[in-house]
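For reference, the structure is listed below as structure tokens.
The values are calculated or read from the model by the stated rules, or taken from the named source; none is laboratory data. Quantities reported herein were computed from a predicted structural model and do not represent experimental measurements. Cβ sites come from the backbone with ideal geometry, for glycine too, and all protein chains shown count toward neighbours.
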Amino acid sequence: MTRIIQGVEAFQKRVFAEKEELFQKLGKGQSPLALFITCSDSRINPNLLTQTEPGELFILRNAGNLVPPHNQFSGAEEATVEYAIKHLGIRDIILCGHSKCGAMNGLIQSIMGLSNDNAMPAVTKWLNYATPIAEDVESKLKELSGDKLLNYTIERNVLQQVKNLKTYPSVKDALDKNQLRVHSWVYQLETGEVIGYDSETDAFVSLDKVKRQKLADLNRAVPHTLHGSDISI
């Protein structure tokens, strides 16, 4: 805790002073560029990764970057997404998984029958929201192993959670009205690279490749005021 408290003191003395005008503006409200859904993993810093300032990302985090599908019992994830779209007017949602994900490794262990479900029952129950990809992952057990299997699972999970996200009425309505874009990313901790899903090839590729494809469709983009870094990827 000493390290953390020292950090707060340094923030108040140096960082806040340098950005006081920004924080005064944020005190009057927020207008984030995107909703960023990612894992709770301490190795991920969304603002550092995207080089955004406070107030530019509305962030939703949990273990495994999971998005429970819509049902009659709306949870924190659906409430956060609904608030982002309907109150903040967000037009871009980024769902970002990451390499070396412990939650996805746990899912693999469960699929292989190697996990002790009683050790962390809450985690086991939470990972049920990723089990729709279990059959897909299981089919790859003879073909893939180690990091290759884990990376495959991470990518499939991102796509499954995007599918779950689209069951939310607020998301479905915004998509139907062409008022929302959803982006599927994976952040590679070891290299700093971010890859995005390319629907044309059904593969995750460099953001440069995804960007080129999206720029070709920019005339069909969601109408809103563009910012300097606001390119749909």
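Taking segment 11-97 and the helices (runs of 4 or more DSSP H) fully enclosed by it, the elements with 2 or more residues that are of a type in the set (S, T, N, Q) and on the phi < 0 side of the Ramachandran plot are at 46-50.
When Gly75, Gly55, Gly64 are screened for being touching a strand residue (DSSP E or B) at 6+ places or on another chain (Cβ under 9 Å) and not polar (S, T, N, Q), only Gly64 passes.
Mind listing whichever residues of segment 70-98 are of a type in the set (Gly, Ala, Ser) and either at pLDDT below 95 or surrounded by 19 or more Cβ atoms within 10 Å (Cβ to Cβ) (or both)? Passing the criteria: Ser74, Gly75, Ala84, Gly97.
Can you name every one of the strands (runs of 3 or more DSSP E) wholly within segment 125-233 that holds 1 or more residues which are under 19 Å from the mean Cα position of the chain (by Cα), at pLDDT below 95 and surrounded by 13 or more Cβ atoms within 10 Å (Cβ to Cβ)? Hits in segment 125-233: 194-198, 203-206.
For (1) touching a residue at least 40 places away in the same chain (Cβ under 8 Å); (2) within 21 Å of Ile133 (Cβ to Cβ), each residue gets a yes or a no:
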{"residue": "Phe16", "(1), (2)": "no, no"}
{"residue": "Phe36", "(1), (2)": "yes, no"}
{"residue": "Ser40", "(1), (2)": "no, yes"}
{"residue": "Asn45", "(1), (2)": "no, no"}
{"residue": "Glu56", "(1), (2)": "no, no"}
{"residue": "Val67", "(1), (2)": "yes, yes"}
{"residue": "Glu78", "(1), (2)": "yes, yes"}
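Those residues that are basic (Lys, Arg) and within 15 Å of Met104 (Cα to Cα), I need them from segment 119-169; list them, please. Hits for segment 119-169 are Lys125, Lys140, Lys148, Arg156.
Against the conditions (1) buried (at least 17 other Cβ atoms within 10 Å of the Cβ); (2) modelled with pLDDT of 95 or more; (3) assigned to a helix (DSSP H, G or I), Ser110 satisfies every one except (2).
One residue stands out in segment 113-124 among those that are aliphatic (A, V, I, L, M) and either in a helix (DSSP H, G or I) or surrounded by fewer than 13 Cβ atoms within 10 Å (Cβ to Cβ) (or both): the one that is nearest to the chain's Cα centre (by Cα), namely Val123.
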